[in-house]
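Worksheet for the structure shown next.
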Amino acid sequence: MRLIKGVLVLLSFMLVISGCDSKSKDSGSSYILNGAITSAIGAAVDSDTNDAEAAYESNDTPATAQPLLNPVLLGGFVSRTGVGSGKFSTRGDNTDVYQATLAKGQTITLFISDHDITNPYEIDLDIEIYNTAEITPETQPVALSISATAGTETVQVPENGSYQIFVRAIRGASNYLLTIGQPATLPTAAPQMDIPFVPGEIVVRFKDSMATASTSHVFAASTGLVKKRGTSGQAMLFTLGDEMQRLQTRQLLGISMATADSSATNNQEQLKLETIETIRALRERPDIESADLNYIRRAAAIPNDQHYPQQWGYPLINLPQAWDVTALPNTNNQQVIVAVVDTGVFLAHPDLQANLLATGYDFISNPSIAADGDGIDANPDDPGDNATPGGSSFHGTHVTGIIAAQSNNTTGVSGVSWGTNTKIMPVRVLGRGGGTTYDIIQGIRYAAGLSNDSGTIPPQRADIINLSLGGPGFSMTEQAEYNAVRNAGVIIFAAAGNDNTNLPSYPAAYDSVISVSAVTMAQQRAPYSNFGTSVDIAAPGGNTAVDSDGDSYYDGILSTLVDDSTGIREPVYSFAQGTSMATPHVSGVAAILKSLDPELNPDKFSTLLQAGKLTSDLGAPGRDDIFGFGLINALKAVENINIVLPPIIAVDHSGALNFGPFVKQLTFTTRNAGGGAFVITNVTDDVDWLETNPQMLDGSDGLFTVTVNRAGLVDGLYRATITVETDTASSLTIPVTLQVGERQEKGNTGHHYVVLVDPVTMETIRMVHVDNNNGSYSYQFDSVPEGKYFIVAGTDLDNDGLICDPGEACGGYPTIERLQPVNVYNDLSSIDFGSNFNIIIRAQASNPEQTETRGFSRYPND
């Protein structure tokens, strides 16, 4: 499994298929085409990449360290001498050095863009950080991550201060992405000093072909290590032994005395460093399958899904507290079926399989749109829609993961409906270019158990239908069909649309359908979200142009996805934005309610919604055209379902406190959201710069003032947690975010090549290259022949002639994920779009026979 991070903007699909694009043609006329490209906020670029056209400034030494703001997402390139092509092929670019002021606990992550899990020893980059004032040739790093085979390296900053960050090429050449931000949960095999482990102990597995009864004795003799536990054929535990044995190990494994300095004043830290260096040396041996630190594990919080910390939308809607209710033994946990009527679902995604029903259907009647070789059939698997030359959207897979990803399984993400028996009925109605209203009608009728073109109905109809799709154009026929589905007892949710307009989008604007708009992490209307009289409710939809909480991830919605850019469908996780992402948040909460109250139906849901029983009021009091009846509040919703609840502590805000760069004081109130009674016994926080004081406290009802003190804090983003404990109810945690200093409000994603691409042949027709100017790139093409073109822009950090490679900045009109051809028949201006870096983490082997598809050529096909 791998996670893709980047500006992935999945737009709601149009209901009408556009005609096929023809090859660009020259009618004798030519025109001017121009626009602007905006860099993502907080982005930066290595000042000495391999691109000969880009500005060059060496950052190879501490004396020439490149300054960085905090937080940052930076694209770079390093290489060993004699590797690759371009200006560094003969002299190499072994090290990039960066200077930054960092805060204790911040995480620095290096993503190795060209890492290949099938050949992990081909490319190896490492990361080290040093105190700025102490750098000499003998200086020890204060933190380092030096895996020989991992695709990521991560270190944590030990104390506030000024640091230099070294990115080193150990083997090969590669683009990379460097992030500085709040702690991120990412897979890494790199030994790290800041994760608790037993100093001096190493867990070793030998390759099967070399594991014999005498293996451990031969190994000990050749390394100086001492066997502590284990037998041949399984993991074994070795130690570094005493000082003399450690010296022998360093000599036998070739660990330099400069790295392993036995005179260090902190013996434990020195032993940790020696342990890490020994592991690195062992991983180079042909007889070793794996060598790892003996980590110290502790009880994990729930849910334990690997990327749950990046799912910021859940605490925004008080979902974790609602989960406490779904976990109660006396709740009715009947099966709930949610039909995702979309592009289908990648049925082999391991984080979805357990919650997918076998009763889905494919209603795309036009084989050229279906892309699976036929018309309607009983297989809703998403083969991909080739939405862009770089891959498909797999929109329905992303939507499905938000609702019902398998949760608390230590991997991937959590679904909103965790704790319930919610299953997904995948219904495929969207393919290449979108889908037709007729096919969508057949899909919703099937989901509702009504007659349809398949001639079949599912054994059990859906309780809820999720429609993360839409487009203009009212249809009386459609309205009647949605009425019929609602009358069958199905609750229907649809995306309000992503056009930043008050014009209605259908089916969301139909009677019988609940329209969902999108909000950001700050509970503001997302800049793309539609608004108007048809909006009924709001939910987290994200904004991939900003990183509000400084966790080094742009504020998209993280969920399951598929990457087919190599020609093989590979399960991944990715961020996206849109009302398409907001809608499944509401569908998932509705599934929780249905599991608790089997009698919940469309009328009851609408009554609760209009009475303010399911939402937190945002905007103007009562219903408004931005948020409808408010932001979905999962805890408030379960409170208003007719079940017996235990005492539940709740807060009357979004579940998080964000002080930003200027606010000094905020408040929160507590209450009992359940039955019975409890008394608040203690309120604590986990940092020195935060103080929480009760202004009023009466049993469960409290008013608390939270004050922050920025004095002595270096510039950066800070996080904390307030914990409210009670005598009977479960405790409550409130995340706190604080900013110190001014954040970078304009980005620089590097020297860009802007290309016009033939939408049929995918050949590059024209190219101009431009540099960043205050966060933006202005481009212009002159004498463009009449025709249709994709417009794409990106960097070529590794100088391979292709833009938009892994680790390089990339953008396209209107978005790189869903390119739309520009029809040039007169002069065109303001063809604007954004550019951002793309991070890919591979965590499973790819098919060795697949051919990798990389970026766009920056050279015109003359």
Under a 1.4 Å probe, counting only protein heavy atoms, L73 has an accessible area in Å², nearest 10, of 10
Full extension between A348 and I170 adds, at 0.36 nm per residue less the Cα distance, a length in nm of 60.4 nm
In terms of the alpha carbon gyration tensor, root eigenvalues a ≥ b ≥ c, rounded if a/c is under 1.5 and otherwise prolate when a/b exceeds b/c or oblate, the range 520-569 is oblate
Placing each pseudo-label 7 Å from Cα in the direction of the beta carbon, D827 and E159 end up separated by a distance in nanometres of 6.3
For the pair D782 and D208, the simple spin-label estimate (label points 7 Å beyond Cα toward Cβ) gives in nm 6.6
If amide H atoms are modeled at 1.01 Å from N in the peptide plane, then the residues at a separation of 5 or more from I648, or on another chain, having amide H under 5 Å from its own are A673, G674, G675
With a Förster distance of 56 angstrom and the Cβ-Cβ distance between A711 and D287, calculated FRET efficiency to the nearest 0.05 equals 0.50
Here the FRET efficiency for K87 versus Q245, based on Cβ atoms and R0 = 41 Å and rounded to 0.05, is 0.30
Taking protein heavy atoms only, a 1.4 Å probe, and rounding to whole percent, the accessible area of the range 519-639 owed to carbon and sulfur comes out at 51
Taking a probe of 1.4 Å and leaving out DNA, RNA and ligands, the range 492-608 shows per residue an accessible area in Å² of 23
hull vol. (C-alpha, convex hull) per residue for the range 560-667, Å³ -> 193
Here the gain from full extension of A371 to V198, 0.36 nm per residue of separation minus their alpha-carbon distance, amounts to 56.9 nm
Applying the gyration tensor rule to the Cα atoms of the range 404-518 (axes a ≥ b ≥ c; rounded if a/c under 1.5, else prolate if a/b exceeds b/c, else oblate), the class is oblate
Heavy-atom accessible area of S534, protein chains in place, probe 1.4 angstrom, given in Å² to nearest 10, is 30
Listed by chain and number, the residues whose amide H is under 5 Å from that of I514, excluding neighbours fewer than 5 places away on the same chain and using placed H, are I492, F493, A494
Taking only protein heavy atoms and a 1.4 Å probe, the highest-to-lowest accessible-area order of Y361, Y813, Y482 is Y813, Y361, Y482
For T95, placing the label point 7 angstrom along Cα-to-beta-carbon and taking the range 142-176, residues whose amide nitrogen sits under 18 Å are 142-147, 163-174
For the pair N487 and N267, the simple spin-label estimate (label points 7 Å beyond Cα toward Cβ) gives in nm 8.4
In the structure shown, of K423/K594; K104/K746; K207/K227; K664/K746; K594/K636, the pairs separated by more than 21 angstrom at the C-alpha atoms are K104/K746; K664/K746
With all protein chains present, the range 38-136 has a carbon and sulfur share of its accessible area (1.4 Å probe) in percent of 52
When every protein chain stays in place and a 1.4 Å probe is rolled, E269, E570 sorted by accessible area with the largest first are E269, E570
Per-residue accessible area, 1.4 Å probe, largest first, puts M767, M476, M696, M236 in the order M476, M696, M767, M236
In whole angstrom, the spacing between the Cα centers of the range 392-423 and the range 714-788 equals 26
Note: E57 to V218 extended length (0.36 nm per residue) minus current alpha-carbon separation gives 52.9 nm
Here the tail fraction of P(r) beyond 19 Å, over all Cα-Cα pairs of the range 737-813, rounds in percent to 44
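The values are calculated or read from the model by the stated rules, or taken from the named source; none is laboratory data. Only a predicted model underlies this, so the values are computations on that prediction, with no experimental measurement involved. Counting neighbours? That spans all protein chains shown, and the Cβs are built from the backbone with ideal geometry, glycine included. With ligands, DNA and RNA removed, areas are computed over all heavy atoms of the protein, side chains included. Shrake-Rupley method; radii C 1.70, N 1.55, O 1.52, S 1.80 Å.
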